[in-house]
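The values are calculated or read from the model by the stated rules, or taken from the named source; none is laboratory data. Quick caveat: nothing in here was measured; it's all calculated off a predicted structure. Because the Cβ atoms are built from the backbone with ideal geometry, glycine has one as well, and the counts that use them run over all protein chains shown.
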Amino acid sequence: MITNKLPDTDLRLSDFHYDLPEERIAQTPAEPRDSSRLMVLHREDGTLEHRIFRDIVDYLRPGDTLVVNDTRVIPARIVGRRILRMGENGERVPSDSAAPVELLLLKQRENDVWETLAGPGKRAKPGDVLDFGDGVMRAEILDIIEGGCRVVKFTVTKDADSFFAALDHLGTMPLPPYIREKLADPERYQTVYSKHLGSAAAPTAGLHFTPELMEKIREKGIDIVPVLLHVGLGTFRPVKEDRIADHEMHSEYIRVTEEAAERINSRRAAGGRIIAVGTTSCRVLESAADEAGILHPVDTDTGIFIYPGYRFRMVDALITNFHLPESTLLMLVSALAGRETILRAYRTAVEMKYRFFSFGDAMFIE
């Protein structure tokens with residue numbers, strides 16, 4: 001797994017707080033996708049511009065590279081019931097309860113073995129067997145690991161060709177806890193370029209792009225290169241330590257292919273900017289780049305933690321949404337643009353009634 005040597009800092013969690021009225025949290029996505037608002041933050045002088053997202057093409061230059069995360073969100077929330085439990089003598093016996101058990105898939109380990117959150121936990125102990133869809137799929141609880149997560153092995157029993165086919169039939173989209181509105185079309189929580197199943201949450205900066213906008217960007221001479229990071233729900237896990245350097249970052253699976261590394265390195269060597277679409281793409285690039293700013297193919301996990309004091313190796317600019325107060329994502333954008341500059345921009349966004357978080361508006365930090 002890739003980690004980083006954390007920079008020395010006296011920064012505290014409270015240094016990344018800002019006041020956000022609840023009504024500024026977007027509950028539904030903008031229609032069409034590229035009609036959301038765009039705040040442009042110029043790092044050189046701290047000035048702001050206010051545009052519409054489709055105007056992003058005006059800020060991109062021929063020779064630039066947009067790096068996108070082509071992960072696809074799985075319907076990771078499934079509800080079933082316990083049918084077998086471990087008896088006192090270590091043998092499985094029929095469960096004495098028909099009450100529902102919910103699993104939230106977090107991270108695939110191998111084949112059909114996943115790390116999950118279970119609720120209630122007392123109905124998901126090692127040795128227990130859960131049933132989903134009246135026999136469509138079953139799950140054996142293998143272990144309990146750090147944070148109370150359950151390691152689960154799934155078996156498709158009937159009426160489905162594969163685990164993901166069964167999940168598509170049984171599961172629901174795991175929207176963030178601050179979104180209370182029901183999503184009419186699950187595809188609106190997917191980017192238009194999503195490809196590889198495995199995320200428990202969307203890389204939301206990419207939700208603003210349409211196929212037409214991407215084609216317009218390509219026509220201007222900008223390359224669009226995919227990398228992969230499967231987003232875990234650790235993205236939404238609050239930072240509990242007062243001193244941010246004491247926070248232990250969650251790990252997520254990443255991949256950079258040889259082709260992607262070659263395209264990005266070639267463009268950068270020719271003087272083009274590397275623009276990450278979202279904090280997930282940013283974390284991939286910074287995890288896979290060496291001290292000389294050369295990107296390497298990787299297929300591993302990353303636990304990189306980026307906060308003020310970090311020296312960026314690969315990313316020149318960032319397209320991102322507006323993030324939760326005191327979150328690791330807010331710390332990342334503060335590392336790129338400066339904490340005070342970011343907090344000033346966020347205060348302006350609140351005053352100007354920008355929409356925040358996953359379905360909210362966007363920011364371009366250049």
Problem set entry | Residue check, Arg43 touching a helix residue (DSSP H, G or I) at 6+ places or on another chain (Cβ under 8 Å), assigned by TED's automatic domain parsing to the domain that holds Glu215 and over 21 Å from Phe359 (Cα atoms) | yes
Seminar exercise, completed: Considering segment 242-264, residues that are closer than 30 Å to Ile224 by Cα and assigned to a loop (DSSP other than H, G, I, E, B), and then whichever is modelled with the lowest pLDDT, we arrive at His250
Problem set entry | Selection within segment 323-366 - without any contact (Cβ under 8 Å) to a residue 60 or more places away in the chain, more than 22 Å from Val284 (Cβ to Cβ) and in contact with a Ser or Thr (Cβ under 7 Å, 6 or more places away or on another chain) | none
For this session: Would you please name the residue that is surrounded by the fewest Cβ atoms within 10 Å (Cβ to Cβ), looking only at residues in segment 287-334 that are part of a loop (DSSP other than H, G, I, E, B) and β-branched (Val, Ile, Thr)?
Result: Ile294
Exercise. Considering segment 249-273 alone, what residues qualify as being surrounded by fewer than 13 Cβ atoms within 10 Å (Cβ to Cβ) and not hydrophobic (A, V, I, L, M, F, W, C)?
Worked result: Glu258, Glu259, Ser266, Gly271
For this session: Name every residue in segment 56-107 that is over 30 Å from Ala269 (Cα atoms) and within 21 Å of the chain's Cα centre (by Cα), in order of residue number.
Result: Arg72, Val73, Ile74, Pro75, Ala76, Arg77, Ile78, Leu103, Leu104, Leu105, Leu106, Lys107
Exercise. Pick from Glu102, Glu115: which is part of a strand (DSSP E or B) and under 22 Å from Arg283 (Cα atoms)?
Worked result: Glu115
For this session: Report yes if Gly147 is under 23 Å from Val231 (Cα atoms), not assigned by TED's automatic domain parsing to the domain that holds Ala200 and not in a strand (DSSP E or B), otherwise no.
Result: yes
For this session: Identify the residue in segment 165-180 that is in contact (Cβ under 8 Å) with a residue 60 or more places away in the chain and more than 22 Å from Gly234 (Cα to Cα) and, among all such residues, is surrounded by the most Cβ atoms within 10 Å (Cβ to Cβ).
Result: Leu170
